[in-house]
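Enquirer: Questions regarding the structure given below will be posed in turn.
The values are calculated or read from the model by the stated rules, or taken from the named source; none is laboratory data. This is a predicted model, so every value here is computed, not measured. A quick note on method: Cβ atoms are made from the backbone with ideal geometry, for glycine too, and the neighbour counts reach across all protein chains shown.
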């Protein structure tokens, strides 16, 4: 049986902004005991104050997930403060936009170190405690692009595919160990209103924006809280994410050609050119530390509008589509 949230000790990485910050606030409403990690400590302390006002007990630890020693320190602090560890939310992530050959290898590597090795370190830190207790919940935040793929964000996409593989394989090992009360859950959000698009490294010369439709980060946070109350293998967030995975499953070749065009047309503000930037991939940024990136409903499109656009795109490039 899952431990009640109000008595659970919950670690969240990448808690200073976006989905991580929204998730911390959502757990705080349930009076959880929170251990929050991120690179930018000042923003973490702001989150902690907000969580405390909502009823949560909070400890913050400056954490760079690319260093296993930082993850180990985060784990020790959780045990020192609260005596146990019940839920680990692997959430810290960075992103980069650029053609495959144009992304600097240092940035490519750091995306993988943050998004994948950060999760590996987190899982290796949490699972021994879960095994000792006989229960626990590891929640890995992936993305719908970990199912569908996407151009221009290949390092990010590779990492999100790998996170699903990590989760799937860990569940199999736990099954072999008869560890039925230790859960590994994967969250697959669609396009979410967070500052990751302002934080992203960018080598395209074009201003990036989220794909439409855009969903609030609170929706992902609520899904994560739901996985603590009722664990599931995977959960998609956003109707568009369901639609895209269905398209990919039923018509993969059609979907890939259509998605390439959609990303090229809808992931950028073509009227605004920008200089190249490493974003927050190599170093944390002090700007845009809130939950929202102020992208929600920027153009008023609905899921049905996006589906209509998908069909129109398919027709333009001569591909049949009937689903």
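Enquirer: Out of curiosity, is residue 53 surrounded by fewer than 16 Cβ atoms within 10 Å (Cβ to Cβ) and either touching a helix residue (DSSP H, G or I) at 6+ places or on another chain (Cβ under 7 Å) or part of a strand (DSSP E or B) (or both)?
Expert: Numbers: surrounded by fewer than 16 Cβ atoms within 10 Å (Cβ to Cβ): yes; either touching a helix residue (DSSP H, G or I) at 6+ places or on another chain (Cβ under 7 Å) or part of a strand (DSSP E or B) (or both): no.
Judged against the criteria, residue 53 is not a match.
Enquirer: Looking only at residues in the range 283-323 that are surrounded by fewer than 14 Cβ atoms within 10 Å (Cβ to Cβ), in a loop (DSSP other than H, G, I, E, B) and touching a helix residue (DSSP H, G or I) at 6+ places or on another chain (Cβ under 8 Å), which one is modelled with the lowest pLDDT?
Expert: 323
Enquirer: For the range 212-222, indicate whether the set of residues that are free of Cβ contacts under 8 Å to residues at least 60 places away in the same chain, under 18 Å from residue 89 (Cα atoms) and part of a loop (DSSP other than H, G, I, E, B) is non-empty.
Expert: No, the range 212-222 contains no residue that is free of Cβ contacts under 8 Å to residues at least 60 places away in the same chain, under 18 Å from residue 89 (Cα atoms) and part of a loop (DSSP other than H, G, I, E, B).
Enquirer: When residues of the range 56-75 are filtered for being within 22 Å of residue 167 (Cβ to Cβ) and surrounded by fewer than 17 Cβ atoms within 10 Å (Cβ to Cβ), how many remain?
Expert: 2
Enquirer: Test of understanding: among 200, 241, 217, which residue is surrounded by 21 or more Cβ atoms within 10 Å (Cβ to Cβ), closer than 19 Å to residue 24 by Cα and modelled with pLDDT of 95 or more?
Expert: On the way: 200 fails: closer than 19 Å to residue 24 by Cα; 241 fails: closer than 19 Å to residue 24 by Cα.
Matching residue, one of 200, 241, 217: 217.
Enquirer: Sticking with this one: Residue by residue through the range 90-102, note down the ones that are crowded, with 24+ Cβ neighbours inside 10 Å and in a loop (DSSP other than H, G, I, E, B).
Expert: 91, 92, 93, 94, 95
Enquirer: Further, regarding this structure: Of these, 32, 43, 78, 48, which one is crowded, with 17+ Cβ neighbours inside 10 Å, at pLDDT 95 or above and in contact with a helix residue (DSSP H, G or I) (Cβ under 6 Å, 6 or more places away or on another chain)?
Expert: Values: 43 fails: in contact with a helix residue (DSSP H, G or I) (Cβ under 6 Å, 6 or more places away or on another chain); 78 fails: in contact with a helix residue (DSSP H, G or I) (Cβ under 6 Å, 6 or more places away or on another chain); 48 fails: in contact with a helix residue (DSSP H, G or I) (Cβ under 6 Å, 6 or more places away or on another chain).
Result: 32 is the single residue among 32, 43, 78, 48 that is crowded, with 17+ Cβ neighbours inside 10 Å, at pLDDT 95 or above and in contact with a helix residue (DSSP H, G or I) (Cβ under 6 Å, 6 or more places away or on another chain).
Enquirer: So which residues in the range 162-188 are over 15 Å from residue 133 (Cβ atoms), surrounded by 17 or more Cβ atoms within 10 Å (Cβ to Cβ) and out of contact with any strand residue (DSSP E or B) (no Cβ under 8 Å at 6 or more places or on another chain)?
Expert: Passing the criteria: only 162.
Enquirer: Exactly one of these conditions fails for residue 122: (1) surrounded by fewer than 24 Cβ atoms within 10 Å (Cβ to Cβ); (2) assigned to a helix (DSSP H, G or I). Give me its number.
Expert: Against the list (1) surrounded by fewer than 24 Cβ atoms within 10 Å (Cβ to Cβ); (2) assigned to a helix (DSSP H, G or I), residue 122 comes up short only on (1).
Enquirer: Okay, moving on. Residue by residue through the range 169-206, note down the ones that are in contact (Cβ under 8 Å) with a residue 40 or more places away in the chain, in a helix (DSSP H, G or I) and within 23 Å of residue 225 (Cα to Cα).
Expert: Those that are in contact (Cβ under 8 Å) with a residue 40 or more places away in the chain, in a helix (DSSP H, G or I) and within 23 Å of residue 225 (Cα to Cα): 170, 171, 196.
Enquirer: Next question. Quick one: would you say residue 113 is surrounded by fewer than 17 Cβ atoms within 10 Å (Cβ to Cβ) and either more than 16 Å from the chain's Cα centre (by Cα) or closer than 22 Å to residue 164 by Cα (or both)? Walk me through how you get there before you give the answer.
Expert: Details: surrounded by fewer than 17 Cβ atoms within 10 Å (Cβ to Cβ): no; either more than 16 Å from the chain's Cα centre (by Cα) or closer than 22 Å to residue 164 by Cα (or both): yes.
So residue 113 does not fit the description; no.
Enquirer: Can you tell me which of (1) without any contact (Cβ under 8 Å) to a residue 60 or more places away in the chain; (2) more than 20 Å from the chain's Cα centre (by Cα); (3) not in a helix (DSSP H, G or I) is the one residue 69 doesn't meet?
Expert: (3)
Enquirer: So which residues in the range 130-148 are crowded, with 21+ Cβ neighbours inside 10 Å and outside any helix (DSSP H, G or I), if there are any at all? Don't jump to the end; show me each part of the working.
Expert: Of the residues in the range 130-148, the ones crowded, with 21+ Cβ neighbours inside 10 Å are 130, 136-146, 148.
Result: 136, 137, 138, 139, 140, 141, 142, 143, 144.
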